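Shown next, in structure tokens, is the structure this report addresses.
The values are calculated or read from the model by the stated rules, or taken from the named source; none is laboratory data. Since this is a predicted model, take the numbers as computed values, not measurements. Every residue, glycine among them, receives a Cβ derived from its backbone with ideal geometry; neighbour counts consider all protein chains shown. Accessible surface areas use protein heavy atoms only, side chains included; no ligands, DNA or RNA. Shrake-Rupley method; radii C 1.70, N 1.55, O 1.52, S 1.80 Å.
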Amino acid sequence: GWSQKDRVALWVAYPLCKLDTNGSAGRTNAWAMDPLLGDNSAAPFGGYCGDYARGHQLPSADRQCCYDANAQTFYGTNMTPQLNAHNEGIWSSLENKVRNIANSSDTTYVVTGVVVSASGKKEKDSYGNSVTVPDAYFKVLLRYSKSSTLGQWNAAAFYLEHRSYSESLGKEHSMSVDELEKKTGFDFFVNLPAKVGADQAAKIEATDPANVALWW
């Protein structure tokens, strides 16, 4: 969900399973403009100034199946100016959690995104374009496991302010999909009602993941 005004993706949606994470592509570092947008993409080549990393929304470690898939995670459309302490700290812990969950399921559908509506901070990319610094980051997960004793479909959301955290990732950083939808204005997993029925989909999205053992 690309925002040309902000030059960041407001959300990136992707499936995740063992096939994606257990390959040997490695980290390609193939920094590039997104070929679909050309000069309208963000330019990630030299990174950002100050304490900001080139933060992946779809992590490099989530696309290890082949070189091309990993290289696409280094497009400018997948980057945001993310504080190093956030990117290498609590956000990295969340990314690892998501991979562990995906590796124990058949497929986990992930939406990673940012909140920029109230942000007054700007950074410059390698070509001098103005890029909005996010106020917050989120991940939303829809886990499908055919053999799960907790139900085939389970959902969880995580919301993190864009700052340095002294505490570890915990239940207090999680919420239901419904709650995150209210915070962001996005409607996640719009195809779920057709798959499981409207009532069951509403129940899945309303469940607080802090009370579901599989997330912890």
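Step by step: first the residues of segment 159-195, then only those that are among the aliphatic types (A, V, I, L, M), touching a residue at least 24 places away in the same chain (Cβ under 8 Å) and out of contact with any helix residue (DSSP H, G or I) (no Cβ under 7 Å at 6 or more places or on another chain), then the one that is surrounded by the fewest Cβ atoms within 10 Å (Cβ to Cβ). Which residue is that?
Looking at the filtered set, the residue picked out is 175.
For segment 7-31, how many residues are exposed (fewer than 15 other Cβ atoms within 10 Å of the Cβ), modelled with pLDDT of 95 or more and either more than 28 Å from residue 159 (Cα to Cα) or of a type in the set (A, V, I, L, M) (or both)?
Counting residues in segment 7-31 that are exposed (fewer than 15 other Cβ atoms within 10 Å of the Cβ), modelled with pLDDT of 95 or more and either more than 28 Å from residue 159 (Cα to Cα) or of a type in the set (A, V, I, L, M) (or both) gives 1.
Can you tell me how many residues within segment 91-114 are farther than 16 Å from residue 215 by Cβ and either more than 12 Å from the chain's Cα centre (by Cα) or of a type in the set (Lys, Arg) (or both)?
2
Which of the residues spanning segment 205-216 are aliphatic (A, V, I, L, M) and touching a residue at least 60 places away in the same chain (Cβ under 8 Å)?
212, 213, 214, listed by residue number.
From the set of residues in segment 96-120 that are part of a helix (DSSP H, G or I) and without any contact (Cβ under 8 Å) to a residue 40 or more places away in the chain, which is most open to solvent (accessible area, probe 1.4 Å)?
Only one residue fits best here, namely 100.
Return the total of residues in segment 53-94 being surrounded by 19 or more Cβ atoms within 10 Å (Cβ to Cβ) and acidic (Asp, Glu).
Result for segment 53-94: 1.
State the number of residues belonging to segment 196-216 that are part of a helix (DSSP H, G or I), out of contact with any Leu (no Cβ under 6 Å at 6 or more places or on another chain) and open to solvent by 30 Å² or more (accessible area, probe 1.4 Å).
Residues that pass the stated criteria total 9.
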